[in-house]
1. For region A:102-133 and region A:187-233, compute the distance between their C-alpha centroids and round to whole Å.
2. What fraction of the Cα pairs in region A:379-512, stated in percent, has a spacing above 25 angstrom?
3. Return the percentage of antiparallel bridges among DSSP beta bridges fully within region B:31-316, rounded to the nearest 5 %.
4. Using 0.36 nm per residue of separation minus the Cα-Cα distance, give me the extension gain between A:Thr509 and A:Lys306 in nm, one decimal.
5. I'd like the distance separating the alpha-carbon centroids of region B:124-176 and region B:50-77, in whole Å.
6. Could you give the angle, 0 to 90 degrees to the nearest 10, between helix A:322-348's Cα long axis and the longest principal axis of the Cα atoms of chain A?
7. How many times 2.2 N^0.38 Å is the alpha carbon radius of gyration of region B:31-316?
8. Largest first and to the nearest Å, give the Cα extent of region A:1-147 along each principal axis.
Amino acid sequence: MKGFALLKGVRVLTALAVFCLLAFVFLDFKEAAISNWAAHAALSTQFAPSLLRLLATGSLVMGAVFILFTLLALIFGRAYCSFVCPFGILMDVLHRLSRLPARLPLLKKTNFAKGWGNFFKKPAYAAPKNYLRYGVLAVAVLLIAFGAAGLLGLLEPYSLFGKTMTGVFRPALIATVNTLSGWLYARDIYWLDPVGVEGSLVTAHAFLFGLFVFVGIAIAASLRARVFCNTLCPVGAFLSVFSRYSLFKIRIDKSACIGCKKCERQCKAQCIDSQNAAVDASRCVLCFNCVAAADCPRDGIRYGLKKRAQKPVAEQKKSRSAAALLDRRAFSKAGVGLAGLACARALGADGALPMDEATQNVSPYPLKGTRPDKRLCSPPGSLSVENFLEHCTACQACTSSCPTGLLRPSLTQWGLAGFMQPMLDFGRGFCVHECVNCARACPTGAILPLGVEEKKRVKIGTARFEQKLCVVVTDGTDCAACAEHCPVQAIEMLPYKPEQSLYIPHVHTSVCIGCGACEHICPVRPHQAIVIQGLAKHETAQPFTDDMRLFKPQTAKPAAPAQPGAADNPFPF
Amino acid sequence: MKRREFLGTAAVAAASVGTLTRAFGAEAKAPDSAKPLDLVALYGGEAVAMYERGIAEMGGIGRFVKKGDVVVVKPNIGWDKTPETGANTNPELVGAVVADCMKAGAKEVLCFDHTCGPGNDWDSRYKMSGIRDAVEKAGGKMVAGNTESMYVDQDIPKGVSLKHAKVHPLTKQCDVFINMPVLKHHSGAKITAALKNYMGCIWDRRWWHQNDMPQCIADYSTWQKTTLTIVDAYRVMLTDGPRGGDLSSVITAKYQIISTDIVAADTAAVQIFASVAKQNGKGEAYELADIKYLQPAEKLGVGTTDLSKLNMKRVSLA
């Protein structure tokens, strides 16, 4: 039907726009996407991040998207799943691609196409897996309650999308660009600048996990389209609790239905049971394919409000399985419970950072194989290590917007529950003074928005200098690489052996912001002479002032002889 | 005409036009006008005006750049700082030199630096320094320098500490190499100008920091071809270099040095730095011996620290 085809058209266009913008965010190696308003807007349409942002800030405005899509589910159904969920849209794309070979004009009438078509069958109705999907939802609720957002990010669709894009496609793209650029450069053609990368393009675990997710979802989508959305997806399960009762639904006119299964074969969610002329609204992802196809011979399927003369459908409900009945009661309660939990956490967010006054404000995360006083930092804007880890789903929006590659997905450095949550790896780079990309990118509230000037004073850690390791001491030669790179003048060079004009670093700890430039550039190995000790809770650094200087050269040095040149010679030689 | 005879004539000539040209103090030897100049020191004008006057004194850019030459300009673009901070070479000056080379018939003028930006942040420095804009407007091309794979292995046969380096391909693939540093304080090298600017030509600076950096700086300069050195001392950062802190220690000193001898250019630059530091009571008035790469470079035959050996001219535009 025409009206429904239009609805589907809107769905497809919205989905493609959001998908492309989000792909842009994760793939853009120029790190410009994050300053693009449209890309930024696309980032803020995501469901689970919005919930976490609500919890992190306690502000309903921050959680507007979460509230909006929940309400939409109650009125129109699971709009999130087909319109803006990038992982779902990726499944749609992969599903279509898997059908492509059988449709190619060249192969259309061959046995190959037939065989292919038989293997990748059209979808058919499948029974709901309620224990599984609501079990996953329950796990997700517990993970949020216990502040294990990183583990939630291993189930939640937006974060899975981010992980596969940054783990596999981003490095592939950069490798392609750099190969091409290198080939051109070798021929003295400087059209394409290479992408600067320190160390490897991608860490092994990020690549393998991204690949695992992509291959897994490619197989699942090829064989059973949106099967993920109604089995493992916690967002799908949560929205299904509401969409079950939505006002607008896909409905089959039982009196018209002849059980031809045409609509059923269109259904990616496998929720149309044409045998019983019923549609499971809890699993419907609102793609409008069934109603837009216009191939119902009796015009018996439509999307809309309930019509009065539909008693058979109401009776149909009663014949549902015991499991469905059970989940209806239990999980509408679960929905209420989750909402309550959300509010409770939101209210507690302000005071959610208990700091033991007795303990020092030092991050409890050391890094294996490095100096023991070196501790992991959380990025500026995250307020504290705890806030960061509790709200980060490891979607990798920040790692793909970090211009130096400093932010990298962790393996177990944040503990097992922190798998893939970004960490600041000063071996790769340092936090660029003028940059607030990660704070701008983060959709979950793990890193909160931050102005550039404000950021320049956020203290995430303190440089710890070990004099006996420094080359000035060990080799008696000049270096000062750390002082050279310090953006806030926290490192002053003090006379060490004045007769040899040899100077040694000194750290003004109250000025240091913990950006890691000094550690990054320090040439001493295996352990740098200067390392960053992350703070558990961020502080505000003091600006450097002249009176902090310990060494005042002009007073320390004897006055130099008068200039050799005559009065009218402006040159000292 | 013999050199000594000529000097005599020149002295007479200088005396006769003394009121017009404002001759310098007694120690300042008059240049030999029959021979091309080795060094021009300028004072008192805007950066571009000083360059135009200075290069004219040197015999015009045509003395160095021939038609069809590939010219490489190597400014200091180390930091994500704007021009008024004096952390990078003055972009207007770089633009003027690029335009001049193009006018002289250069096939192309390429400009690069291995900036101090980690990862993919190098581009921000090209942009913030204003140098990308200036170079591209003048008809030159910016070339990236922050990918290890593009650097090539090079032996440094005369090197004492530095025997091998991974160098940027543009250090070799050119007919003319113009070194365009900015003069400023440097926490490690004390003062950075021309020789130290070559640390932006190589990949592994950490190794230099680990292995007697001043010697490495001198070693590298034995290999690097340098056609011309132009030291931008229009703004001089006296403290907290090379990145810079408070703007109050960035002095608008209005000096420039153009020289064919890189060591001499640095020697003059160090003296200018010390004099500006003394006048302003800021920073340290370093002596030549404090700058530990100068003597080794001279010893390796790269150039001279004895300015009296040069055919030098001092020009004041003030």
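The values are calculated or read from the model by the stated rules, or taken from the named source; none is laboratory data. Every value quoted in this text rests on a predicted model; they were computed, and no experiment measured them. Glycine gets a Cβ as well: all are built from the backbone with ideal geometry, and neighbour counts include every protein chain shown. Just so you know, the surface numbers come from the protein's heavy atoms only, side chains and all, with ligands and any DNA or RNA stripped out. Shrake-Rupley method; radii C 1.70, N 1.55, O 1.52, S 1.80 Å.
1. 25 Å
2. On the way: 3275 of 8911 pairs.
Cα-Cα pairs of region A:379-512 separated by over 25 Å account for 37 percent.
3. Details: 21 of 41 bridges.
Bridges in region B:31-316 that DSSP calls antiparallel: roughly 50 percent.
4. Details: separation 203, 0.36 × 203 = 73.08 nm, distance 6.77 nm.
So the extension gain works out to 66.3 nm.
5. 18 Å
6. 30 degrees
7. On the way: Rg = 17.1 Å, N = 286, 2.2 N^0.38 = 18.9 Å.
Dividing the Cα radius of gyration by 2.2 N^0.38 Å gives 0.91.
8. So the three principal-axis extents are 60, 44, 35 Å.
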